[in-house]
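Since the structure comes first, as structure tokens, the remarks are kept for the end.
The values are calculated or read from the model by the stated rules, or taken from the named source; none is laboratory data. All of these numbers come straight from a predicted model, not from anything done at the bench. All Cβ positions, even for glycine, are placed from backbone atoms using ideal geometry, and neighbour counts span all protein chains on display.
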Amino acid sequence: MTPEPGSGVDLYWLPLGAGGHSVRLNGRVFEAAVALRERRRPSDLYHSALVARVPEGSFAIEMGPVLDGDGAARGVVAEGPVGIRWAGRLRLFRYEVRREPDGVIPDVAEAVESPRRLTGDVDLTRRLLDLVAQVPTPVWGRDELGTGEGWNSNSLIAWLIARSGLLDASIQAPVGGRAPGWRAGLVVATRRP
């Protein structure tokens, strides 16, 4: 372990749709349908993101919609299609994976049980930062990788945490909540590259 003052990886849990009514409403409808099918009470849904700090700077790591053609300014390292692979030719149906230098997680003030420090080791933090550009980019919301769950932002974060060696059994969504897609990232992380 190589501790470095100020270095480390922090996990944030954001309520799905924080700061926006459309995503929040759609998430509630989705969770109500899943809960009905599974014969349980609906849970709060969460989206995860990371902040990684090394001596060279701080990086916000998350997945979101493609905002414009200047992804390099946001630290975009990968893109993938949303919903249907062929529709991914249009920016509206694409997501981007960001490793944004000096980035800020939108709506971080609404984060629950956050931040959660995953490591203070500079070598593990650098390993995680290097892995961001290697993350799989299947169709968002689909189970193209055969995990039993659709791929999404939680899948990205779980994949990074597991692949970098930071995973431990205590990492779970906040009490009373779920992080759909989390298991997909864990399953894919255990497969050979």
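When the criteria are applied in full, Glu149 meets the requirement of being among the acidic types (Asp, Glu) and more than 13 Å from Ala49 (Cα to Cα).
For segment 159-171, a tally of residues being on the phi < 0 side of the Ramachandran plot and over 13 Å from the mean Cα position of the chain (by Cα) returns 8. Residue under question is Thr190, and the condition is that it be among the hydroxyl-bearing types (Ser, Thr, Tyr), touching a helix residue (DSSP H, G or I) at 6+ places or on another chain (Cβ under 8 Å) and at pLDDT below 95; does it hold? Answer is yes for this residue.
Inclusion of Leu145 among residues that are closer than 19 Å to Glu96 by Cα and either among the aliphatic types (A, V, I, L, M) or modelled with pLDDT of 95 or more (or both) is warranted.
Restricting to segment 176-186, and then to whatever is assigned to a loop (DSSP other than H, G, I, E, B) and among the small types (Gly, Ala, Ser), can you tell me which residue is surrounded by the most Cβ atoms within 10 Å (Cβ to Cβ)? Among those that are assigned to a loop (DSSP other than H, G, I, E, B) and among the small types (Gly, Ala, Ser), it is Gly181. Would you check if Ser7 is surrounded by 13 or more Cβ atoms within 10 Å (Cβ to Cβ), at pLDDT below 85 and among the polar types (S, T, N, Q)? Taking the combined requirement at face value, the residue does not satisfy it. Selection of first residues in segment 162-175 that are basic (Lys, Arg) and of second residues that are part of a loop (DSSP other than H, G, I, E, B) and crowded, with 18+ Cβ neighbours inside 10 Å, restricted to Cβ pairs under 9 Å at least 6 apart or on distinct chains, gives the following pairs, ordered by first then second residue: Arg163/Val135.
Do you know which of the residues in segment 149-163 that are modelled with pLDDT of 95 or more and touching a Lys or Arg at 6+ places or on another chain (Cβ under 8 Å) is surrounded by the most Cβ atoms within 10 Å (Cβ to Cβ)? Only one residue tops the list, namely Trp151. Where strands (runs of 3 or more DSSP E) fall wholly inside segment 35-149, the ranges with 1 or more residues that are more than 16 Å from the chain's Cα centre (by Cα) and touching a residue at least 40 places away in the same chain (Cβ under 8 Å) are 44-54, 57-65, 94-101, 112-119.
Quick check on segment 11-19. Is at least one of its residues modelled with pLDDT of 90 or more and over 25 Å from Pro138 (Cα atoms)? Checked against the condition, which is being modelled with pLDDT of 90 or more and over 25 Å from Pro138 (Cα atoms), segment 11-19 yields no hits at all.
The selection criterion, being within 23 Å of Pro81 (Cα to Cα) and either surrounded by 18 or more Cβ atoms within 10 Å (Cβ to Cβ) or of a type in the set (Phe, Trp, Tyr) (or both), does not hold for Ala173. A count restricted to segment 49-107 and to residues that are among the β-branched types (Val, Ile, Thr), under 26 Å from Pro5 (Cβ atoms) and crowded, with 18+ Cβ neighbours inside 10 Å stands at 4.
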